[in-house]
Structures are given as C-alpha cells and as structure tokens.
1. From the cross-link list K99/K250; K210/K284; K99/K206; K129/K210; K159/K206, which pairs have alpha carbons spaced over 27 Å apart?
2. Hey, can you rank 305-311, 33-39, 222-228 by average C-beta count inside 10 Å, highest first?
3. So, R0 is 51 Å and r is the distance between the beta-carbons of S307 and A134; what FRET efficiency does that work out to, to 0.05?
4. Which part of the range 297-311 falls in the paramagnetic zone of D86, meaning amide N under 20 Å from the point 7 Å along Cα-to-beta-carbon?
5. Run the quick spin-label model on L248 and L270: label points 7 Å from Cα toward the beta carbon, then report their separation in nm to one decimal.
6. F255: net charge of surrounding residues, Cβ under 12 Å, Lys/Arg +1, Asp/Glu -1, itself excluded?
7. Straight-line reach only, C-alpha to C-alpha below 17 angstrom: list the aspartates and glutamates that K208 could link to, leaving out same-chain residues fewer than 8 apart.
8. Using +1 at the C-beta of Lys and Arg and -1 at the C-beta of Asp and Glu, which of F219, H152, A128 has the Cα lying farthest in the positive direction of the dipole of the range 98-229?
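Nothing in this text is a laboratory measurement; each read-out follows from the coordinates by a stated rule. Being a predicted model, the structure only gives us computed values, none of them experimental. Here Cβ is always computed from backbone atoms with ideal geometry, including for glycine, and neighbour counts include all displayed protein chains.
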Amino acid sequence: MIEPAAFDRDSVSRLSGHDMDAHYHAEFLERIGHTVREYQGLYWYDVFSRAWTATPYDRLIDPEHFDPREVLGPSGVMARYSCDVDSGVPSYQHVVTDKDYGMRTLISRARNKTRQGLRFCEAGPMDAKDLGEAGIRLHAETLIRQGRSLPHDFETYWKNYFHAVSESPCATTWAAWHEGELGAFLISFRVEATEYVCIVRSSQEKLKFKPNNAMLYTFLEHTMAREEIQEVSIGLQSLQPGGESLDLFKRGMGFVERPIGQRIELRRGLTAAIPRPFASLAAKTLQLIPGGEKQARLSGALNWYASQPRISKAA
C-alpha cells in the first residue's frame, strides 16, 4: 500500500495564488488538531477519529478513480466526499449565487424577521479574538438547543479554535449584537471564489430579537457584493436526519439547494466484511440506541453507503 502524503507546510511556496486559500484552510485545520493529507488536488482531514472528508467539500470526485487507501492510510475506516448526482446518494448543497443579494432575495416571512433583526441588532465583522467567553457560551447554547452534548474539553478546544480563526488569513468572523451584547456569530472560510460558512451560533436569550437573520443577511449582502466572490455556501445535506428546520431557515434567507451527489467509501477490507444489507440494518439499529453526534453520523453514513450506486474501480 502506498502511504498517503503528509501535509507539507513548505508546499505553500509552490502553490499558485488560485490554490493558496485552500492551503490556508488546511493549515487552520491542522492548527486545531486535525491530521491533513493531500490527494487528487484536495486536502483531506480526519473530521472524526478514523473518518475522513475533503476540503473544499463540494469539489466533485470521480469514484471510479478514487483510491480510499490514499486517504485512509493505515488506520482510517471511512471517507466521505462529493461526486456527480448519478455516482452517489442524491443530495444538495446550500448556496447563494445572487450577486445582487438583497431583501428581494428572501422569502416574505424571512424578510419580515430580518427587518425585525436589523431594527433590534447591530451586525458586522468582528475579530475572533474578541469572541472569548461570550462566543463559547453561545456555542454551548446552540449545541444544547440542537440536542448535542458538550465534550469534557469543550472550553479549551474552542478557545484554541477562536485563536486559530483569528490567525487564519482566509477566515471571516461576523456577528450581531443586541444592546451591546453578543447575540449571534458566524465563521466563514474563503477558498478561491467561495465563502464557506461553517459555524453559526446564537444566544438563546437573544433569539427573539432575530440576531441570526440580521447577521446572516448583512454578511451575505456584503460578501456577494465583493468582486472576487462568486458564491457563499453553508454546507451539504447532513448525514443526520432532523435538520428540516435549519434547511427551512437557510431557504428563507436566500440559499438554494444545488443538486450534488455524496459517497461513503470504506477501507477495502471492510467492503467485504460489511455487505450493504448489513450496513442498512446496522444504521437502523444505531438509530434506535440513544447516543451522541458521532453515533448519529455513523448511522447516516452507513445508511448512505448501503443505498449508493455501485461503482467499478478503474484498474
């Protein structure tokens, strides 16, 4: 087996300006503790233990020419990536591409909530270093609202995360304040001509003042007006069920669902050990057992693996 290439910091000097932003995001991931590898022009990182995904996550990969060994290395179990719709599980990516983004882009109900948010809140860029305890508190409140648990090293991890964001040249932090108090914040990373929003967090107490609407609207309006930006993405369809309300919010704020395929690849020994019917049964079993976010994602991944089309690998 060919050992995957390690992440090479010195390669930045050999990359063109077109590729530089992708390198910066990979460097950020490394700073917060991920292992990063380069394969097929993309950076791959261990999103969970033994589970890998690519960044940028929306770049289409041809499954026929994808070798999981190059990404998974000696201990990885699973890789997730995007492909054309016919080669994977039919899915979608939330994007805004309207260069004239404004109030007319929003659906009527979201438009009313956004105007309310703009009346009650101030919104604009901020330094990630200033998030501090308020940012950690909002992050915790959002996770709890979503039914997710907080790990034992939660505060330490997110202090380091915010510090790494503040030092990344491709990162943007945007926020909304109500009466001088932080009501919501987001973190986005630019890769080439796309801004990828990866974190959106808000205060439970301030939700009635619509800080999320004010923050996201002003961010999108400002970002889409920049000549060098072609679109803003706020993620792919989640592996986990139950995200309907979040999807509804995104659609209301002007995001459209662009069709895309997603695939799950297992290391070669597991493809024979875990037949698709067994993977489907395991996914349903995991759904019935109380567990955390990792278990829910594993269940979703196994379900997708069981339902995706079979692809013959190139020799």
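1. In this structure, K210/K284; K99/K206 exceed 27 Å between Cα atoms.
2. On the way: 305-311: 16.0, 33-39: 17.9, 222-228: 13.4.
So the peptides 305-311, 33-39, 222-228, ranked by packing, come out 33-39, 305-311, 222-228.
3. 0.75
4. Inside the label zone: 307-311.
5. Going by the 7 Å Cα→Cβ label model, 3.5 nm.
6. Net charge around F255: -1.
7. By straight Cα distance, K208 reaches E122, E141, E179, E181.
8. Checked the options; the winner is F219.
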